[in-house]
1. Given segment 47-93, report the % of alpha carbon pairs whose separation exceeds 17 Å.
2. Suppose each label sits 7 Å from its Cα in the direction of the beta carbon; what would the residue 102-residue 53 distance come out to in nanometres?
3. Summarise the accessible area of segment 18-89 (1.4 Å probe, protein heavy atoms) by the percent that is carbon and sulfur.
4. Are any of the pairs 22/64; 49/81; 22/81 more than 25 Å apart by Cα-Cα distance, and if so, which?
5. Spin-label point model (7 Å from Cα, Cβ direction): what's the residue 66 to residue 45 distance in nm?
Amino acid sequence: MLIGAQEKKIEPAPNAIAVYWKTLESQEKELFLFSYLTQVYDTHQKMIKDLGYGEVTTWYFDNKAEMIYGIFDQVNQSGMKEFVGWIDEYYSHEEFTGNSFDDALAFAFRFQQAAGETIWEKYENLKFGKIKPEN
């Protein structure tokens, strides 16, 4: 039992994007986010053009592009600043700094859509499956 209690806590190693993200100013984060979203969109469109709607293109859509399309819709409604704020919130927690940028985007997308005024209200609504997009 003492062995488990004496184990050294392993700190997650931050990934390159998390480190880079934290160095950017607000407008630079908006530009980075827009560039990332555009790159995924353009890649998907090129895949459709070159490969059609085959297995690889479908996989890319299901695992990458579908969320990006949803984020584009959200960003058009609420703007980049709020989305950047959610990504900042995600990476402000040390345990998430080793996670991918896609994980941060998924977090931002879910919390952007959740009902509630505060992060706690949004968390509670998400926890109980009460995702309700704001008007």
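The values are calculated or read from the model by the stated rules, or taken from the named source; none is laboratory data. Quick caveat: nothing in here was measured; it's all calculated off a predicted structure. Cβ atoms come from the backbone with ideal geometry, glycine included; neighbour counts cover every protein chain shown. The protein model used for the area step is the full one, side chains on, heavy atoms only, and it has no ligands, DNA or RNA in it. Shrake-Rupley method; radii C 1.70, N 1.55, O 1.52, S 1.80 Å.
1. Cα-Cα pairs in segment 47-93 separated by more than 17 Å: 51 percent.
2. Inter-label distance under the simple model: 2.2 nm.
3. That share works out to 55 percent.
4. Too far apart for the 25 Å limit: 49/81.
5. Using points 7 Å along Cα→Cβ, the separation is 2.2 nm.
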